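The structure appears below as structure tokens.
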Amino acid sequence: MIDQSTICAISTAPGVGGIAVLRLSGAEALPIADKVFNSPKEGKRLVDQKANTLHFGTIKENDKIIDEVVVSIFRAPHSFTGEDVVEISCHGSQYIQQTILQLLMKKGARIANPGEYTQRAFLNGKMDLSQAEAVADLIASDSAAAHKMAMNQMKGGFSKELMNLRNELLQIVSLIELELDFSEEEVEFADRTQLTNLATNISEMIQDLAGSFSLGNAIKNGVPVAIIGETNVGKSTLLNALLNEEKAIVSDIEGTTRDVIEDVINIEGVSFRFIDTAGIRNTKDKIESLGIERTFQKLQQAQVVLYMIDLSRSLKENIARLEEVREKIQDHQEVIIVGNKADVAGKKAIDALLADLPLERNEDICFISAKEQKNISQLRELLLEVSNVANLNTQDVIVSNARHYEALVKAGEAIDRVIAGIHNGISNDFVSQDIRECMHYLGEITGAINTDEVLGNIFKNFCIGK
Ligand SMILES: Nc1nc2c(ncn2[C@@H]2O[C@H](COP(=O)(O)OP(=O)(O)OP(=O)(O)O)[C@@H](O)[C@H]2O)c(=O)[nH]1
Ligand SMILES: [Mg+2]
């Protein structure tokens, strides 16, 4: 149910700017604006003006002029919310903004709830739920990649994909349910092989979408990159070099870093979250051991692992520890072996390492001097390459929302039950129930199926004014 009241809020960021924008939305938006706005030059009320027009005039409280403003008007259904909308652009003073807001409330508008404009846009059919969520992502996007992904979702790429899936499911379920209607005659409208193929196809598509979540999440929150290695190899020096800031303490004492240090850096439009960790060594120190435990946790969570070695140490020593870490690397992770201290090690050490260290499938290698900031740009490029984010295509549908991911996983489970059910000759009732369930979860993503609770949860995370 759409609440019929007319809502108002300041839509620009809090604080003082050149101008600020207040937005009114609802059936009474124009009449309420008329009560405070006056344009002597035009001599006409806003309710009598055409849609999509701008009007210059004053906002008055009794006889006192509060500000000179520009008012834009949009009429239902051709506005962001699908309702009549008035936007008042005033000067950016906090006092002016607040006074106009109070005035609008006095004249019958109520203050908008968080995300209520976007919620109304959804409820009025201007966009589906995943697009509404993309509005929030777009507003929050702080890198080119995150922006591209949110833009694509807002334009409806993901919604279209889901719609296609649901239509295919509908096709299967109607055939099966038709058979149910004729159950006494034992007819078979749906060829079982064809059904299985269709369901398998859908299952694969759902899996692909769900599988894109780790990438989507990385784009949204930064690709997690763990810097791992023995003590004193130069991990913290590298973090500082990447950040261009003395964030972590560097010293020649082994075991300097004991806790995890994180920061986000933007490399060519992609956010990376670098995680400096405690160096790995055998130690009896209790606190250092706890730190090393965390190192292994971060190793697990990383998408890319920078495994650092000190080129001035013996090859044997370096490789032994690398082997230990390799055992913990998972298939989906990428590893860049970073040979550090190239400034003191020289070419011989590098050649020896290259000759004696066969790389695994998901490994790359590069040589740097963290201290002298040599070859750091090469490492940055390698990071972009292995993280697979830079060549993100605008057409790619990538899931970046945990709610969508969960729904996809459940939809995937349901469709896999369908495949198994057809295979085992299970009764049509159950098969059709599982298909309906799969459709239900896909529908939850776009909001074709929704509950007040789900909606409430989504929109409460928006700010007021969005
Ligand atoms: N010559 C040279 N020294 C370096 C380089 N990188 C780091 N160092 C030195 O190596 C020592 C250890 O550096 P850190 O960055 O603290 O090493 P870490 O890996 O973070 O060590 P822990 O926190 O103890 O695990 C310091 O004295 C650095 O100045 C390099 O590229 N060349
Ligand atoms: Mg350190």
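Between Thr58 and Asn457, residue separation times 0.36 nm minus the direct Cα-Cα distance comes to 139.8 nm. Between Glu185 and Asp259, the simple label model (points 7 Å from Cα in the Cβ direction) yields a spacing of 7.4 nm. Ordered from largest to smallest accessible area (heavy atoms of protein chains, 1.4 Å probe), the residues Asp34, Asp142 come out as Asp142, Asp34.
DSSP bridge analysis restricted to the range 12-114 gives an antiparallel fraction near 100%, rounded to the nearest 5.
The protection proxy used here, the mean number of other Cβ atoms lying within 10 Å of each residue, ranks peptides 189-196, 87-94 as follows, highest first: 87-94, 189-196. Probing with 1.4 Å while keeping every protein chain in the model, the per residue accessible area of the chain equals 50 Å².
Since only Leu243, Ala199, Thr277 are under comparison, the one whose Cα sits farthest along the positive direction of the charge dipole of the chain, derived from C-beta charges on Lys, Arg, Asp and Glu, is Leu243. Within the full protein context, the accessible area of Glu61 is estimated at about 50 Å² for a probe radius of 1.4 Å. Taken along its principal axes, the alpha carbon cloud of the range 378-463 reaches lengths of 60, 39, 19 Å, longest axis first. Between Ser377 and Arg294, residue separation times 0.36 nm minus the direct Cα-Cα distance comes to 27.1 nm. Close amide H pairs (under 5 Å, H built 1.01 Å from N) link Ser11 with Val21, Leu22, Arg23, residues at least 5 positions away or on another chain. Couplings 3J(HN,Hα) of the range 344-353, computed from phi: 9, 6, x, 5, 4, 4, 5, 4, 4, 5 Hz, in residue order, whole Hz [Karplus 6.51 cos²θ - 1.76 cosθ + 1.60, θ = phi - 60°; x for Gly and Pro].
Net charge in the neighbourhood of His440 (other residues with Cβ under 11 Å of its Cβ; Lys, Arg +1, Asp, Glu -1) is 0.
In this structure Phe122 has an accessible area near 20 Å², from a 1.4 Å probe over the protein heavy atoms.
Between Ser174 and Leu359, the distance separating the two model label sites (each 7 Å from Cα on the Cα→Cβ line) works out to 5.3 nm.
Compute the distance in nm between two label points, each set 7 Å from the Cα along the Cα-to-Cβ direction, one at Gln94 and one at Ala352. Each label point is offset 7 Å from its Cα along the Cβ direction, giving 6.5 nm. Taking a point 7 Å out from the Cα of His332 in the direction of its Cβ, the residues of the range 407-438 whose backbone N falls within less than 13 Å of it are 409. Solvent-accessible area assigned to carbon and sulfur over the chain amounts to 50 percent, based on a 1.4 Å probe. Listed values for the range 404-418 are Karplus-derived 3J(HN,Hα) couplings in whole Hz (6.51 cos²θ - 1.76 cosθ + 1.60, θ = phi - 60°), namely 5, 4, 4, 5, 5, 4, 5, 4, x, 5, 5, 5, 5, 5, 4, and x replaces Gly and Pro. Think of each Lys and Arg Cβ as +1 and each Asp and Glu Cβ as -1; about the Cα centre, that makes the dipole of the range 220-387 roughly 200 debye. Among residues other than Gly425 with Cβ under 15 Å from its Cβ, the summed charge is -4 (Lys and Arg +1, Asp and Glu -1).
The values are calculated or read from the model by the stated rules, or taken from the named source; none is laboratory data. Small disclaimer: the values here were computed from a predicted structure and weren't measured. Virtual Cβ from ideal backbone geometry, glycine too; neighbours counted across all protein chains shown. For accessibility, only protein heavy atoms count, side chains too; no ligands or nucleic acids. Shrake-Rupley method; radii C 1.70, N 1.55, O 1.52, S 1.80 Å.
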